[in-house]
Structures are given as structure tokens and as C-alpha cells.
Amino acid sequence: MIDIHSHVLPGLDDGAATMEDAIAMAQAAASEGIATIIATPHHRNGVYDNPKSSVLSLAAELNDELKRRGIALTVLPGQEVRLHGDLLDGFHRHEVMTLADTPYILIEFPPDHVPKYAEQLLFDMQVNGLIPIIAHPERNAEIIEQPERLYQFVKRGALAQLTASSVTGHFGKKIKTFSFQLIEANLAHFIASDAHNITNRPFRLRAAYETVRKEFGTEALYYFRENAELLVRGQAVFRDEPKRVKKKKKFLGLF
């Protein structure tokens with residue numbers, strides 16, 4: 001398996017704090033059957049500031065340590081990039097980086113809203129040859145209330161990545177249900193762990209894929225797994241025509 005979103009690099013953000021924490025996460029990932037993982041520390045979100053150079057050097061250091069210890073896991077460099085007005089300038093200055101040196105870039109919205117300029121900036125990114133992947137939209141308060149926002153982004157070329165723990169229900173029933181609605185509406189293209197540690201924010205990628213298989217069938221399982229493989233190779237991923245999320249009708253005020 002390939003995990004395209006994780007916070008495994010030590011000491012950069014709210015993920016692994018030390019190299020030993022990173023090694024423990026790597027061992028956990030390998031035990032789940034994950035062979036390749038993209039490290040996506042927060043680039044800059046008001047708390048952390050991790051330019052491309054820092055990510056590259058630390059990813060190389062972690063890979064050397066994994067090889068020394070005989071852990072069968074390859075770490076590729078990337079960032080989780082909070083949407084901001086200077087994003088494209090940062091990309092051209094080689095501070096903002098894509099996932100594994102591909103055209104795909106992982107974009108994070110603030111948790112409680114979608115910036116007003118998001119539609120224009122996502123378009124500008126595509127004009128500049130980038131393919132934006134919206135990270136965990138199922139956990140964004142505005143998208144939960146207005147899924148039309150995500151529909152419009154995907155309709156205009158963006159992709160979306162669900163969190164494994166959302167699919168398995170570890171973030172609550174509401175987020176699990178919404179995740180299923182996004183899958184049904186072809187508004188999700190990847191599932192990734194967003195793992196931060198091995199305790200309260202572990203990988204759960206294998207469990208998420210099994211949940212998808214039970215709920216949507218083997219074809220859906222392969223859809224998500226193959227998209228992660230295509231991404232790492234820098235190739236075009238599968239995407240079906242997006243549909244609007246169907247709102248559940250209330251019945252006599254009981255829901």
C-alpha cells in the first residue's frame with residue numbers, strides 16, 4: 001500500500017517528535033502493509049514553518065535510518081500546504097513542494113471554513129501545472145454544511161483525499177457518514193492516514209480500505225489504492241464524473 005499523507009518526519013510539526021517516534025511510526029506502517037509513505041509535514045500554517053529544504057534533508061536522514069534498521073518502508077518527501085495567497089510565489093521560490101516531486105500538491109483548508117479566494121487560487125495552481133488535492137474535506141466545517149463547495153472544486157479539476165480514521169468512524173459517526181456520501185458522489189479520489197503517531201492518530205489505512213470494500217465493493221477498494229500508485233508515478237489518476245451530495249431528508253423533525 002501507499003500512504004500519501006502522513007506526519008512521520010521527526011521534530012517538524014505535531015507528528016513524530018523524535019527519530020525514535022518516527023521509527024515507531026514506520027514500523028507500524030510496515031506492519032499494516034504500507035511500503036511507501038509520503039511525509040507531509042505542515043508547510044506553514046501560523047504555527048509551523050517547514051520549507052522544502054528542511055523536508056528533503058530530514059526525509060533522506062529517515063530513509064537512511066530505516067535502511068540501517070532493516071525496516072521495509074520508503075519515505076518520499078512532500079508537504080501539507082495551508083492555502084494562502086502567496087502559495088504560488090512560494091512554489092516558484094522552491095519553498096512549497098509537491099508530493100514526491102510530482103504535479104500533485106496537498107492543500108489544507110482551515111478546519112472551520114473555506115477561504116473566499118480558494119476557487120481562484122485552485123484554478124491558478126492548475127494553470128501553473130499543479131494538481132491540487134484537498135486534504136480531509138470531510139472534516140472541514142463549511143464543506144460539511146455546504147458540500148456544494150467541494151463539488152465545485154472537483155468539477156473544476158481539483159481532487160480530494162479522505163482520512164482513513166474518518167472512513168473507519170474514529171472521528172465520529174457524522175464524519176464517517178459524510179465520508180461515505182463523498183465516495184458515493186465521486187468527490188473522493190484518495191484515502192490516506194494523516195497519521196501523527198501510533199496512539200491516538202495512527203495509520204488505520206488497512207482498516208479503512210477494508211471498510212470501503214465492505215461498503216462499496218472491491219472495485220472501489222482498487223480505485224483508491226491504484227490512485228495512490230498512479231500519483232507516486234506522476235501519472236493521471238482515475239476520476240469519475242462528480243455528483244452533488246444528496247442531502248438526507250428530515251422526516252417529521254426526527255432527524
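Things to note:
- Förster-model FRET efficiency, 51 Å R0, residue 92 and residue 174, C-beta, rounded to 0.05: 0.80
- Dipole magnitude of the chain, debye to nearest 20 (Cβ charges: Lys/Arg +1, Asp/Glu -1, about Cα centre): 1100
- Within the straight-line cut-off of under 16 Å between alpha carbons, the aspartates and glutamates reachable from residue 116 are 86, 108, 124, 142, 145, 148, sequence neighbours fewer than 8 places apart in one chain being disregarded.
- For the chain, the equivalent ellipsoid derived from the alpha-carbon gyration tensor has semi-axes of 28, 22, 16 Å in decreasing order.
- Per-residue HN-Hα couplings for the range 174-179 [Karplus 6.51, -1.76, 1.60; θ = phi - 60°; Hz; x = Gly/Pro]: 4, 5, 4, 4, 5, 4
- Applying the Karplus relation 6.51 cos²θ - 1.76 cosθ + 1.60 with θ = phi - 60° to the range 147-160 yields 3J(HN,Hα) values of x, 4, 4, 5, 4, 5, 5, 5, 4, 9, x, 6, 10, 9 Hz, where x marks Gly and Pro.
- Amide H contacts for residue 80 (H built 1.01 Å from N in the peptide plane; partners 5 or more residues away or on another chain; cut-off under 5 Å): 42, 43.
- Spin-label pair residue 48/residue 210, simplified geometry with 7 Å Cα→Cβ offset, distance in nm: 2.9
- Degrees separating the helix 205-216 axis from the principal Cα axis of the chain, which is the longest one: 20
- Sum of -39500 (n - 2.57) over DSSP H runs of 4+, divided by residues of the chain (222 nm, nearest 500): -12000 deg cm²/dmol
- For the range 18-32, 3J(HN,Hα) computed residue by residue from phi via the Karplus equation (6.51, -1.76, 1.60; θ = phi - 60°) reads 10, 4, 5, 5, 5, 5, 4, 5, 4, 4, 5, 5, 4, 5, 7 Hz, glycine and proline entered as x.
- Kirkwood Rh (inverse of mean 1/r, distinct Cα pairs), the range 22-135, angstrom: 15.0
- Electrostatic bookkeeping for residue 206 treats Lys and Arg as +1 and Asp and Glu as -1; over the other residues with beta carbon under 14 Å from its beta carbon, the sum is +1.
- Positive-end residue of 42, 26, 4, charge dipole of the chain with Cβ unit charges: 4
- Extension gain from residue 56 to residue 145, taking 0.36 nm per residue of separation minus the Cα-Cα distance: 28.3 nm
- The H on the amide N of residue 4, modeled in the peptide plane, is under 5 Å from the matching H of 38, 193, each at least 5 residues off or on a different chain.
- Backbone amide hydrogens, once placed in the peptide plane, bring residue 131 within less than 5 Å of 104, 105, excluding anything fewer than 5 places away on its chain.
No value in this document is a laboratory result; all are computed from the given coordinates. The structure displayed is predicted, hence computed values, not measured ones. Positions of Cβ are generated from backbone atoms using ideal geometry, with glycine treated the same way; all protein chains shown enter the neighbour counts.
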